[in-house]
Every structure is written in structure tokens, then in C-alpha cells.
1. Report yes if some residue within region 200-220 is in contact (Cβ under 8 Å) with a residue 24 or more places away in the chain, polar (S, T, N, Q), part of a strand (DSSP E or B) and touching a strand residue (DSSP E or B) at 6+ places or on another chain (Cβ under 6 Å); otherwise report no.
2. Does region 166-201 hold any residues that are closer than 29 Å to D274 by Cβ, surrounded by fewer than 21 Cβ atoms within 10 Å (Cβ to Cβ) and either in contact with a Gly (Cβ under 8 Å, 6 or more places away or on another chain) or of a type in the set (G, A, S) (or both), and which are they?
3. Go through region 144-165 residue by residue and tally those that are buried (at least 17 other Cβ atoms within 10 Å of the Cβ) and modelled with pLDDT under 90.
4. Does any residue in region 230-243 that is in contact (Cβ under 8 Å) with a residue 12 or more places away in the chain come within less than 7 Å, Cβ to Cβ, of a residue that is of a type in the set (V, I, T) six or more places away or on a different chain, and which pairs are these?
5. Name the residue that is farthest from L207 (Cα to Cα), counting only residues in region 227-245 that are among the hydrophobic types (A, V, I, L, M, F, W, C) and part of a strand (DSSP E or B).
6. What pairs come up if the first residue lies in region 248-259 and is within 15 Å of G193 (Cβ to Cβ) and touching a residue at least 24 places away in the same chain (Cβ under 8 Å), the second is among the charged types (D, E, K, R) and in a strand (DSSP E or B), and their beta carbons are under 9 Å apart, counting only those six or more places apart or on different chains?
7. Applying the selection to region 261-291, what residues are surrounded by fewer than 20 Cβ atoms within 10 Å (Cβ to Cβ) and in contact with an Asp or Glu (Cβ under 6 Å, 6 or more places away or on another chain)?
Amino acid sequence: MCIRRLLHNDQSNDPTSKEVYHDNHVQTIQETLHSLPLAIQRYLKNVLNIIVDEDRGTSYMVHEPIRIIKSVKIDQEGSIFLNDKWVPFKATQVSSCIPSSPGFVWDSETSIFPKIPLLNNLKIRARDSYVNGKGNLNVSVAGVLPLVKASGKEADVAEFMRWMAEMSFYPTSYLPHDGTRLQWVKDVKGMKGPWPDHHGSFARAKLVDPLNDIEGELEFLFDENNLLTTIRGYRLMTSNGKSEYLPWEGYITEYDFYDGVMVPSSATIGYYIDGKFSPYFKGKYKNFVFDFF
């Protein structure tokens, strides 16, 4: 795995620049860090720059008080497997990063005929979202001719699980919060499915949105450097008008630093179809802009 460190202007030490948590909240988070699965503790110490003070027997963060991510804006680019071929895309995503109020909006644009100059402006536009417990997917040509439209209970669950799968974009969501609905499932063998064996550490989580009667369950796998490399679960796949839950997996291959937070910068995502991994998304993530409490 490649880890690249990007340097950005960081105004987090300016107390007037952001609303921050008080010291009593910081101490609460530090104490409850130990209630998390060991694999998650190690991961968070990595990506949030948590330093362990062995003499004092406590943990603290490079940025104090602890800065909880409220929202994030991300630029994306890469390729999507569409109509039996890989086509380039660009996208922007904005996410609400608190487990008690999850949500995101993903807007993308893909050229239908990227190699034909006269038709290069003819694009497929897509909006994927989870807002107020409702999932929606709308895909159209030039924003006019509809191609795909998905909504209803199945879309709600699918988009809710996408938010959960992307928690590594806003890793403070793994920390306990007031009103959190994230539950860690005790599991010593891992999820059953066609996935390859994993010999490192892992953690399995269930996220519940009780206000909208939605829940999802995913497994997070870590390497020897305590970095998240793989997310697994069963997610809804819709093809040719047919929907079914299939084994799904996302691979993180690179990380970058933004505002002192280590986040994925490259990933490949796909379903297991007839026991074989079939990727549909290869993306790069950049220009993370965090809004902290």
C-alpha cells in the first residue's frame, strides 16, 4: 500500500477559526476509545494522529481539542464499468459525517463518447444520495433524458450502506458520539462469503438508523500497519431490472493526509458474481475539505 503525505494549510490551531468541543467532551472520547474493538483503536491512532502517553496512561491527539468531522467535500475521478466498457468520470461528493445523522450527495459526469470531439460534450450525469433517510439514484443523458432512477426502501438501504462503507473518508465517525447508532458485532471468524482469506485483524459493525427503520452491516479488514484495506458486506445490485443482494468488496490502495487526517486516496470496488470479483468502480479521491465542529 502506498501512503502519500500531502501538506495543506492547517488553521486548526486558531481557536477562532472553528467551533470546537470543550475539554470534558475530549476526555469522554479518549476514555471511550478503549471501548472500541482493538483493530479500530489501532486504526484510529494511525489515521487521527493519536499519540499514546505511556507514562500518563492516556491518549491524546496532535490537534487538541479533538476535532470531530462534521462534513466533508471530496473531488473524485476515475473509471466506471458501463455497458461492458470502462468509461472515465469526474465527481464531487459532500457528506454529513455523524453516525446519528448520516447523509451524502454524489454528483458525477461521464462522457459518452470521450474520443469523438463533436460528441465530447454529450455526457451522462448521475446523482447518488442519502438524505433524511431516503436514498435516490438518478442517471440521465445531459440532465434531460432519464436512464436510471432508483428510490424506495431498497434504495434507502443501499445508499445507507454506501455511507457506512465510506466512513474511512471521515474516520471520527468510528468514535462514540452522543446518539450514535454504531454497534460492534462480536465475531471471531468473519463474514461468510466468497472473499479471499484474511489473516490480519478485522472488525464487524452494524449501523442502525432507527428513525427510518434502516440498518446495514459491514466488515472492516486491516493490514499489518493497522490501516484499513478492505470493506466487505452484502449490498444490493440492480441489473436488467433485477435486484439482489450480492457479496461486495472495496479495496483501498492508497492514503493521503488532509488537515492532519489520513484518508483513502485510491480504491477499487466491485461485486462477487458467480464467485468471481467483478469491479465496477476504480476511483481517486482528492481535495478533501473538512468542516470540523
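1. No, region 200-220 contains no residue that is in contact (Cβ under 8 Å) with a residue 24 or more places away in the chain, polar (S, T, N, Q), part of a strand (DSSP E or B) and touching a strand residue (DSSP E or B) at 6+ places or on another chain (Cβ under 6 Å).
2. G190, M191, G193, P194, H198, G200
3. The qualifying residues number 1.
4. L236/V157
5. Once the filter is applied, the top-ranked residue is M237.
6. W248/R232; W248/R235; E249/R232; G250/R232
7. Across region 261-291, the qualifying residues are S266, K284, K286, N287.
The values are calculated or read from the model by the stated rules, or taken from the named source; none is laboratory data. For clarity, every value in this text was computed on a predicted model and none was experimentally measured. When we count neighbours, we look across all protein chains shown, and the Cβ atoms used for this are built from the backbone with ideal geometry, even at glycine.
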